[in-house]
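The values are calculated or read from the model by the stated rules, or taken from the named source; none is laboratory data. It should be emphasised that the depicted structure is a prediction, and the values quoted were computed from it without experimental measurement. Here the Cβ is made from the backbone with ideal geometry for all residues, glycine too, and neighbour counts use every protein chain on show.
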Amino acid sequence: MATPTKVKLASAPIRLKELYNSTYAPELVKELGLQNVSQVPKLEKIVLNIGLGRAKDDKRAFEVAHNTLRKVTGQQPVETFAKQSIAGFKLREGNKIGLKVTLRDTRMYEFMDRLINVVLPRLRDFHGLNSKAFDKSGNFSIGLNDQSVFPELTFDETTLTHGLQAIFVVRNEDKAHSRALLEKFGMPFEKPAKVADKEGKQ
């Protein structure tokens with residue numbers, strides 16, 4: 001009996017990845033005055049962190065945080081440990097302090113798409129992201145107060161709340177280029193107050 005031939009299914013195109021390669025990168029070359037596509041800023045990875053602080057010794061808290069990262073990213077999180085001892089926080093070097101997931105390529109773009117178009121619009125009184133949350137290397141951080149804004153999680157999975165940080169690591173030649181890239185993807189930065197509004201409050 002002949003062995004059945006395995007058919008390799010083509011993976012579905014990732015919307016933001018396709019747009020970056022076909023549209024955003026060429027546009028950024030012109031808009032940023034770059035010489036070629038190799039100089040265009042590029043998102044390299046997204047790192048999601050959950051630090052449990054005082055709940056670091058709570059087994060249930062770790063289970064909830066682990067479930068959150070696994071559900072919203074599709075990857076198994078890894079544990080993070082203290083790099084130094086801090087007596088004031090009763091923390092010793094090597095203590096387990098949280099969890100993290102590093103997303104690259106397909107899962108990175110999928111997560112960013114859902115974050116921008118589904119998660120952020122669910123935030124209460126959301127007026128945009130703080131444009132000052134870039135570090136000196138041009139990486140951007142978003143902090144969420146609790147995990148209930150992720151539609152992948154059930155109500156029961158959000159009764160014990162925790163915060164979450166997402167860090168967008170961008171390869172760039174200039175810090176300002178990072179913002180230009182994230183704006184292309186649709187990252188909703190807070191709009192600067194109008195001069196007239198500021199003068200009216202003085």
Quick check: is even one residue across the stretch 155-169 at pLDDT 95 or above and on the phi > 0 side of the Ramachandran plot?
no
Has the stretch 88-102 got any residue that is modelled with pLDDT of 95 or more and in contact with a helix residue (DSSP H, G or I) (Cβ under 7 Å, 6 or more places away or on another chain)?
yes
So which pairs qualify, if the first residue must be in the stretch 12-38 and of a type in the set (A, V, I, L, M, F, W, C), the second must be loosely packed, with under 12 Cβ neighbours inside 10 Å, the Cβ gap must be under 9 Å, and the two must be at least 6 apart or on different chains?
V29/Q35; V29/N36
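May I ask you to verify whether F126 is surrounded by 17 or more Cβ atoms within 10 Å (Cβ to Cβ) and aromatic (F, W, Y)? Steps first, please.
Details: surrounded by 17 or more Cβ atoms within 10 Å (Cβ to Cβ): no; aromatic (F, W, Y): yes.
Judged against the criteria, F126 is not a match.
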How many residues does the stretch 128-173 contain that are touching a residue at least 60 places away in the same chain (Cβ under 8 Å), acidic (D, E) and part of a loop (DSSP other than H, G, I, E, B)?
2
